[in-house]
Amino acid sequence: MTSPASVVLVFLDPAFPDGRLADASKPQLLVTDQGATRGDGIFETMLAVGGNVRKIQAHLDRLAGSANALDLVIPLEDEWRRAIATALEEHRSQHPPASASASEDELVVKLVVTRGAEGAAAPTAWVQVSPTGALARHQRETGIDVILLDRGYDSDAAERAPWLLLGAKTLSYAVNMAALRHAHKQGADDVIFISSDGRVLEGPTSTVLLAHAGTSDDGTPVKRLITPQLDSGILPGTSQGALFSAAKAAGWELGYGPLEPQDLLDADAVWLISSVRLLAPVNRIDGKEIGTPSVQKELTAELNELFAGIR
């Protein structure tokens, strides 16, 4: 659990151009705020390394897309950037990094917008900065075991029923957290959701990647990175998008589903990728070992190196 003493809050407030600092150890939201009472809001979670937020434009773009899906008016991009800078500066001032190593100088930056209190004329918006958790770093290094769970929607649901908000990053995460608790009860670390018509979708807080490594007819090494199709109702992954761009420049082939569970079992490596945990290798799916450990280790190291260069 993150201690309030290690959390910095900055609210976006018209009276404070660079954001208004708030005490995380004291109540800050009204009990009638619709983010708390209805989960009516959106968020983004980013990683800052050395005081610099990675993929900030991609996250701000996705925040705007989620706001549009919810008909939610949010602060302008420049306001977010100023508030983020204020929060990071304050956190690094209060809690200087113990060392210069990247893992010791990581911070989680969360952007949150709710529809505000009942009857409010404006939304509630804030930036939260806190340390990264040890579990995220551990799972990057050791990998994870996952189980497959039916999400309860078919792969066409997002197009047929846009009010389900399947492609938006909303505060309504109760189902996602319930799925993770179910996985933990089964002795697993995480989940990969499957649509009711058998398509691979995403994790509760991550994007699915898989890879195949081999050689062409002339002996040239070939590596292919694949992710599920976005039109199946999954959240567009900022980390997946950035990694795909870097992998393409490095000579990898790229692919977008559709994927079925057997595709995961047949892959040389599978990962769940997200902005804070980064690449978490999947060791087992429903108890079945995935790929070859030596190949997975090699591919993970190469993708981690590519990902480290992303800003």
For the stretch 143-249, the Cα-Cα pair-distance distribution in 5 Å bins from 0, as whole percents, is 2, 11, 19, 21, 19, 13, 8, 4, 3, 1, 0
Mean accessible area per residue over the stretch 183-271 (1.4 angstrom probe, all protein chains present, square angstrom) is 42
Measure of exposure for R151: accessible area at 1.4 Å probe, Å² rounded to 10, is 60
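If contacts are Cα pairs under 8 angstrom and at least 6 residues apart, what is the relative contact order of the chain in percent?
18
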Checked the stretch 164-212 against the a/c 1.5 cut and the a/b vs b/c comparison, axes a ≥ b ≥ c from its Cα gyration tensor; verdict oblate
Treating only Lys and Arg (+1) and Asp and Glu (-1) as charged, each at its beta carbon, one finds that the stretch 251-299 has a dipole about its Cα centre, in Debye to the nearest 20, of 280
Ordering 181-188, 166-173, 67-74 by per-residue average of other C-beta atoms within 10 angstrom, highest first, gives 166-173, 67-74, 181-188
In Å², rounded to a whole number, the accessible area per residue of the stretch 108-182 with probe 1.4 Å is 49
Along the stretch 63-73, Karplus-curve 3J(HN,Hα) (6.51, -1.76, 1.60; θ = phi - 60°) to the nearest Hz, with x for Gly and Pro, reads 4, 5, x, 5, 4, 5, 5, 9, 6, 10, 8
Of every hundred units of 1.4 Å-probe accessible area on the stretch 213-307, the number belonging to carbon and sulfur atoms, as a percent, is 49
Cα-only Rg/Rh for the stretch 32-147 with Kirkwood Rh rounds to 1.03
Taking R0 as 41 Å and r as the Cβ-Cβ distance between E253 and D78, the FRET efficiency 1/(1 + (r/R0)^6), rounded to the nearest 0.05, comes to 0.60
Computed over the stretch 122-191, the Cα gyration tensor eigenvalues, each multiplied by 5 and square-rooted, give semi-axes in Å (largest first) of 26, 22, 10
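If you take the Cα atoms of the stretch 86-219, find Rg, then find the Kirkwood Rh from the mean of 1/r over all pairs, what is Rg/Rh?
Result for the stretch 86-219 is an Rg/Rh of 1.06.
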The ratio Rg/Rh over the Cα atoms of the stretch 184-310, Rh being the Kirkwood inverse mean 1/r radius, stands at 0.94
Which residues qualify? For G203, with a placed amide H closer than 5 Å and at least 5 residues away or on another chain, they are F193, V208
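Could you tell me what a quarter of the Cα convex hull surface of the stretch 44-84 works out to, in nm² with one decimal place?
Result: 2.8 nm².
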If each K or R counts +1 and each D or E counts -1, the residues other than V31 whose Cβ falls under 13 Å of its Cβ total -1
Heads up, the chain by the C-alpha gyration tensor (a ≥ b ≥ c square roots of eigenvalues; a/c under 1.5 rounded, else a/b over b/c prolate, else oblate) looks prolate
Sequence order, the stretch 261-272: Karplus ³J(HN,Hα) from phi using 6.51 cos²θ - 1.76 cosθ + 1.60, θ = phi - 60°, Hz rounded, Gly and Pro as x, gives x, 5, 4, 5, 5, 8, 6, 7, 7, 9, 9, 9
Diffing the stretch 188-196: the Karplus 3J(HN,Hα) column from phi (6.51, -1.76, 1.60, θ = phi - 60°), in whole Hz with x for Gly and Pro, holds 9, 9, 7, 9, 10, 6, 10, 6, 5
Whole-Å distance linking the alpha carbon centroid of the stretch 46-108 with that of the stretch 1-45 is 14
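Take the alpha carbon atoms of the stretch 231-299, find their radius of gyration, then divide it by 2.2 N^0.38 Å using N residues; give the quotient.
Normalised Rg, Cα atoms only: 1.16.
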Taking Cα atoms, the helix 77-94 axis meets the longest principal axis of the chain at an angle in degrees (rounded to 10) of 90
Surpassing 23 Å at the alpha-carbon level, of the pairs K26/K110; K55/K169; K248/K297; K55/K223; K110/K223; K248/K288, are K55/K223; K110/K223; K248/K288
Normalised per residue, the volume inside the convex hull of the alpha-carbon atoms of the stretch 193-233 in Å³ amounts to 89
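The values are calculated or read from the model by the stated rules, or taken from the named source; none is laboratory data. If you're wondering where the values come from, they're calculated on a predicted model, not measured in any experiment. Heads up, the Cβs are rebuilt from the backbone with ideal geometry, glycines too, and the neighbour counts pull from every protein chain shown. Accessible surface areas use protein heavy atoms only, side chains included; no ligands, DNA or RNA. Shrake-Rupley method; radii C 1.70, N 1.55, O 1.52, S 1.80 Å.
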